[in-house]
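The structure under discussion appears below in the form of structure tokens.
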Amino acid sequence: DATLESNMAVLVRDSVSSLIAKNMLIDISFTITNNTPTAEYIFQPYVAYPAVNGINLSGLVEKFKLEFMNLVAPQLSKNNNLLIDIDVYSSMTGDTKVAVSVNGMEKRLYRFPTFADSLYNSMLTNKDMFMKVSQDYKSIVDQTLAAASMSTDDLTAAPLNEKYTY
């Protein structure tokens, strides 16, 4: 159903997918609300994974936060005309879960498959296609690094058990 909450969830999914790719993140979870006495946005990150070890993760998360608060949150809240309370978990290689509450109503949970191709568009996939698209994505990275005279051996992906928690 096309409700205000579902439209918000889609906007969050699309925006977060774009911002995590732009900010070299693999996963992020956070809460954002303007349901405060001053209607000020409060953004609370919880967990983030970097795309590559050795990156200043806190700086990337801060940049993500500022871009989300300045570009996306005003659209969600209709320039603070709506009180929003949104929980997000997004994985560039998995699902995005968005729980949305508007004007103090009960939160509704939306779940989207967000494993994405090189354009970071949402798509449904099976295990074989997941592996093919993963290899395609690695090929894009290899070609980009080759242009910079580097290889994927020069990079170390963050192990899944290493995360940055706030």
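Tabulated results
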quantity	calculated
Where residue 52 falls short, out of the listed (1) within 30 Å of residue 138 (Cβ to Cβ); (2) part of a helix (DSSP H, G or I)	(2)
Close pairs (7 angstrom Cβ cut-off, 6 or more residues apart or separate chains): in contact (Cβ under 8 Å) with a residue 24 or more places away in the chain in the stretch 30-52, of a type in the set (Gly, Ala, Ser) and in a strand (DSSP E or B) anywhere	46/29; 47/29
The listed residue being out of contact with any Lys or Arg (no Cβ under 7 Å at 6 or more places or on another chain) and modelled with pLDDT of 95 or more, out of 36, 31	31
Test for residue 79: is it part of a loop (DSSP other than H, G, I, E, B), in contact (Cβ under 8 Å) with a residue 24 or more places away in the chain and open to solvent by 40 Å² or more (accessible area, probe 1.4 Å)	no
Qualifying positions in the stretch 57-94 - under 16 Å from residue 6 (Cα atoms) and of a type in the set (D, E, K, R)	78, 85, 87
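One line per residue, one yes/no per condition, for (1) closer than 19 Å to residue 103 by Cβ; (2) buried (at least 20 other Cβ atoms within 10 Å of the Cβ); (3) out of contact with any helix residue (DSSP H, G or I) (no Cβ under 9 Å at 6 or more places or on another chain); (4) of a type in the set (Ser, Thr, Tyr):
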| residue | (1), (2), (3), (4) |
| --- | --- |
| 8 | yes, yes, no, no |
| 13 | no, yes, yes, no |
| 39 | yes, no, yes, no |
| 55 | no, no, yes, no |
| 62 | no, no, yes, no |
| 68 | no, yes, no, no |
| 71 | no, no, no, no |
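The values are calculated or read from the model by the stated rules, or taken from the named source; none is laboratory data. Note that the structure is a prediction, hence the values are computed from the model and not measured. In this analysis, Cβ positions are derived from the backbone assuming ideal geometry, glycine residues included, and neighbour counts consider all displayed protein chains. The protein model used for the area step is the full one, side chains on, heavy atoms only, and it has no ligands, DNA or RNA in it. Shrake-Rupley method; radii C 1.70, N 1.55, O 1.52, S 1.80 Å.
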